[in-house]
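Bear in mind that the values in this text are calculations on the coordinates, not laboratory data. Note that the structure is predicted; figures quoted are calculated from it, not measured. Cβ sites come from the backbone with ideal geometry, for glycine too, and all protein chains shown count toward neighbours.
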Amino acid sequence: MQETIYLEISNFLNYGIYIYTLSIMSAYIFLAFNSVLIIRKYLRKNKTVYYDDILRSPLAPRISILAPAYNEGISIVENIRSLLSLHYNNYEIIIINDGSKDDSMQKMIAAYDLTPSQEKVCSNLPHQPIKEIYRSKDPAFKKLIVLDKENGGKSDALNAGINLSSAKLIACVDVDCVIEDDALLKMVKPFLESVDEKMIATGGVVRIANDCEVAHGRILEVHLPKKLLPLFQTVEYIRAFLLGRMAWSRLNGLLIISGAFGLFDRELVVEAGGYDTKTVGEDMELVVRMRKLMHKRKEKYRIEYIPDPLCWTEAPESRRILIKQRNRWTRGTIETLTAHKNMFFNPKFGLLGMLSYPFWFFYEWLAPIIEFTGLIYFGILVYMGWVNWDHFWLLLILVYSFSVMYSWMAILMEETTFREYDKTRYLLTLLFIALLEPIFYHPITVWAAIQGNFDKFIRKKKTWGAQERVGFKKTNPSVAKRTN
């Protein structure tokens, strides 16, 4: 009798795993199909777009670039210089020094001839006290504003920057990222084109900058990372953005705009309450809250992703830092999904409630938990001698083959569209790394997600944790140039 019960439980779990696996594969095939359609449409339309018209147009909306900075003294001067040279006329840069303990503030004052300003900051959004607001005495840096405040974290710093800004649009960036010259032009275009629907936010594709040649805050030459972990992340980012977020952009079901670079309608951000300082997933949580507000208003709206590589960021090179990062991402996802659980399969929120939220719930949050639990269950079956090895090998080969083919599809899409990695050896390296990723890299991200769930529900951890970076590879701009 007892053995019969165990057998029924085993069969139930086996069939459950099969169904769950097939549902994930079906979902990703559906997303890939939509990604191909929207990227082809974007490239076709982009052939007739003249971005110089936007650059010269008096109708181009004013943009405030908000860049929180904490202990960025090593590179802050160069990072600001790169933001000052973006190809867009009507914009300002607000650097929020979030209580840095290094010499960031002193370096900015010296490099840009800053002096205290008498500007007032409105108090729509809560944040830590402001010490001083600085502007440059040099007319060449008239677009630069530096806000010095008490430490409160990234969300708190962004809220302070939003309060100081008076622009129609706000671009929230990580100050240590490398932004392409024409990024603002491409990000603002959907706002100018939107007629029947209100454009509330746009995001840009993020790529890995490790071992790329950088000078004065610009990518001069693109290289693949030399270390294994950043290489794995390069494949992961290509797949996530080209086959993931682009598909959700076409469906108008995006739940997240990358915190590294996003453009938002300022008025709606303020009405939604700004960034939540109590979550470590502030970028995702804000987007969901903005979308809920638009549903409440019953207004048609869109959020779009731009497939061009517009932002380059440094990926973790050590397993410890990578796990800390993914742990934080997991906790941020959990916080957002639990805070907005009333959307779950709620037709009131349309596609957002019926497709986007369930996808993130079942395939982003629960997938690592189910996978980890499945490994424990498999170990028990091996110990009990109940493994159907034919079914096991069939499922393993199926899952591995699908994972590799999906990554290869993303890599080949990159190769036939934007082709940032333009050398044959780069293409072959990426294809080879995709073969290794499910074996060596994926288990690390699963374990980090398990730790994130443990830290969220058991340890009640709420902090970001210290961020550690190696820094970009610097080069002499006189001897190198962008070749792709």
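Tabulate in residue order the Karplus-calculated ³J(HN,Hα) for region 347-356, using 6.51 cos²θ - 1.76 cosθ + 1.60 with θ = phi - 60°, rounded to whole Hz; enter x for Gly and Pro.
3J(HN,Hα) across region 347-356, in whole Hz: x, 4, 9, x, 4, 4, x, 8, 10, 4.
Can you run phi through the Karplus equation (6.51, -1.76, 1.60; θ = phi - 60°) for region 33-42 and list ³J(HN,Hα) in whole Hz, with x for Gly and Pro?
4, 5, 5, 4, 5, 6, 5, 4, 5, 4
On a 30 Å Cα-Cα criterion, which of the cross-link pairs LYS186/LYS460; LYS101/LYS456; LYS131/LYS462 come out too long?
The pairs that break the limit, which is 30 Å between Cα atoms, are LYS186/LYS460.
Using 0.36 nm per residue of separation minus the Cα-Cα distance, give me the extension gain between PHE402 and ILE74 in nm, one decimal.
Working it through step by step, the gained length comes to 113.8 nm.
Can you list residues whose amide H is under 5 Å from GLU221's amide H, if they're 5+ apart or on another chain and H is modeled 1.01 Å from N?
GLU213
Under 20 Å between alpha carbons, and skipping anything fewer than 8 positions from LYS348 in its own chain: which aspartates and glutamates qualify?
GLU197, GLU285, GLU299
For LEU431 and ILE369 in the same chain, what is the full-extension length gain: residue separation times 0.36 nm, less their Cα-Cα distance, in nm?
Length gained, LEU431 through ILE369: 19.5 nm.
Counting other C-beta atoms within 10 Å, which of PHE141, PHE362, PHE12 has the fewest, and how do the rest follow?
PHE12, PHE362, PHE141
Out of the DSSP beta bridges found with both residues in the chain, what percent are antiparallel (nearest 5)?
Roughly 40 percent of the beta bridges in the chain run antiparallel, per DSSP.
With the calculation restricted to Cα positions, what are the radius of gyration and Dmax of region 158-289 in angstrom?
15.9, 47
May I ask for the Rg/Rh ratio of the chain, computed from Cα atoms with Rh as the Kirkwood radius, given to two decimals?
0.98
Using only Cα atoms and rounding to the nearest 10 degrees, what angle (0 to 90) does helix 154-164 make with the longest principal axis of the chain?
So the helix axis and the longest Cα principal axis differ by about 40 degrees.
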